[in-house]
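**Q** Got a structure for you, questions after.
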Amino acid sequence: MTERVFRFLLVLSASVLLYGSLYPLEFRETPWPHLIYRPATVRALQLDAILNVLVYIPLGAFAAAGFRTWRARGLAWIALCAMSLGIEYTQLWIRTRTGDLRDFYCNSFGALLGLLGGVWLARRLRLERLAKLWRRDPGAWLLLIFWMLWQLFPFVPLARFAKLHELIALWSAPSLSFLQIGDALCSGLALGLLTKSAGAPWALPCVAATLLLRGFIIGNTLPLTVFIPAVVVFAICRRMRVPIGLAASLTVTWLLLRELYPFAFSRHAASFHWGTFHSLLEAERVAAARTLLGKLFLYGASLWMLLAAGWRLSLAAPLLALLLLGCEWLQRYLPGRTPELTDPVLVLLMAAILAMAHKFRH
């Protein structure tokens, strides 16, 4: 059953990556182009190369965990390399994309690194103990992983005095942000309940360390108004018994408020995009990936709380998706927002992942 879960995650991740790499699928007429290698000579290209390595590491790790034999793992790695090469060639015909052999090399290396790293970890770690912890609540563990990815993406720390000075400046003159404070409170509430259910050891030090490390990640910050609310609410939820139904209600309410912020409605409605991931794929890559991971965690945590409160997933997921779809429809009257189907689709995606995790638990 464990191998089936990781094979599903491999196919799902590869499909999302394929769609995102070929978006917006607007092809141009051009003679047969040549795929060439462009060295990463500037910092932006170097960061892009690092991201191309990192994004394929999970796929290699899923292949390592999803297949037992080295032959099957090797075929999976070759398939990932072929997919990457096909993506780079296809991008030569897409108007807003540029294919590059450098990306293919980085993708292949990342997949190989994830494959070998996954096999090494499986041999070195105490799998019996990890499997026992995992079986306590696989859905909670998956959501905790999503939260860590959200906080630490793109996983490149910047160990410089300037970064420390930036963190100190943020903490010495904290600014209030409705979205940041709400996300911090909601995350602290969810993390407290998730770590309890999963039986996660050293929960408070791990959460605090992850948040502090976030402050040193390239392109990321850690305002004081994020750190304190998240840690305080997390500690309260760990020490006290919080009604799961109340927690679920508060989390869903926050998601709806989050969708309609800043509540400055216009009289004129914008057009509704009947597609998915339009705004994410048009945004800067690192910011878009961080936003996607944050939504996956928040929507997944909401569904997990509703399940823990006694709701059936077949009812909770469509209801939450419909509520978010209603908010997306109202966003037509919010200037600067892009109403689309992405959020309801993400809810249904997380529902499928939690359903598989729940099946594995039992």
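**Q** In the set 325, 349, 334, which member is closer than 26 Å to residue 141 by Cα and either buried (at least 16 other Cβ atoms within 10 Å of the Cβ) or in contact with a Leu (Cβ under 9 Å, 6 or more places away or on another chain) (or both)?
**A** Only one candidate passes the filter, namely 349.
**Q** Still on this model: Checking residue 162 against (1) modelled with pLDDT under 65; (2) under 24 Å from the mean Cα position of the chain (by Cα), which single condition isn't satisfied?
**A** Failing condition for residue 162: (2).
**Q** Assess whether residue 217 counts as being in contact with a strand residue (DSSP E or B) (Cβ under 9 Å, 6 or more places away or on another chain), aliphatic (A, V, I, L, M) and surrounded by 17 or more Cβ atoms within 10 Å (Cβ to Cβ).
**A** Taking the combined requirement at face value, the residue satisfies it.
**Q** Please work out if residue 302 is hydroxyl-bearing (Ser, Thr, Tyr), assigned by TED's automatic domain parsing to the domain that holds residue 352 and surrounded by 15 or more Cβ atoms within 10 Å (Cβ to Cβ).
**A** yes
**Q** Any idea which residue in region 326-362 is farthest from the chain's Cα centre (by Cα), counting only those that are of a type in the set (Lys, Arg) and closer than 12 Å to residue 272 by Cα?
**A** Among them, the one singled out is 332.
**Q** Taking interchain pairs and intrachain pairs at least six residues apart, which have beta carbon atoms under 6 angstrom, with the first residue in region 67-82 and surrounded by 13 or more Cβ atoms within 10 Å (Cβ to Cβ) and the second assigned to a helix (DSSP H, G or I) and of a type in the set (Ser, Thr, Tyr)?
**A** 81/108
**Q** What residue, among those in region 1-32 that are closer than 16 Å to residue 86 by Cα and modelled with pLDDT of 80 or more, is surrounded by the fewest Cβ atoms within 10 Å (Cβ to Cβ)?
**A** Once the filter is applied, the top-ranked residue is 15.
**Q** Related question: Got a sec? Which helices (runs of 4 or more DSSP H) wholly within region 266-362 have at least 1 residues that are closer than 29 Å to residue 4 by Cβ and at pLDDT below 90?
**A** Of the helices (runs of 4 or more DSSP H) lying wholly inside region 266-362, those with at least 1 residues that are closer than 29 Å to residue 4 by Cβ and at pLDDT below 90 span 278-282, 285-308, 342-361.
The values are calculated or read from the model by the stated rules, or taken from the named source; none is laboratory data. In this text, all values refer to a predicted model and were calculated from it rather than measured experimentally. Note that each Cβ is placed from the backbone with ideal geometry, even for glycine, and that neighbours are counted across all protein chains shown.
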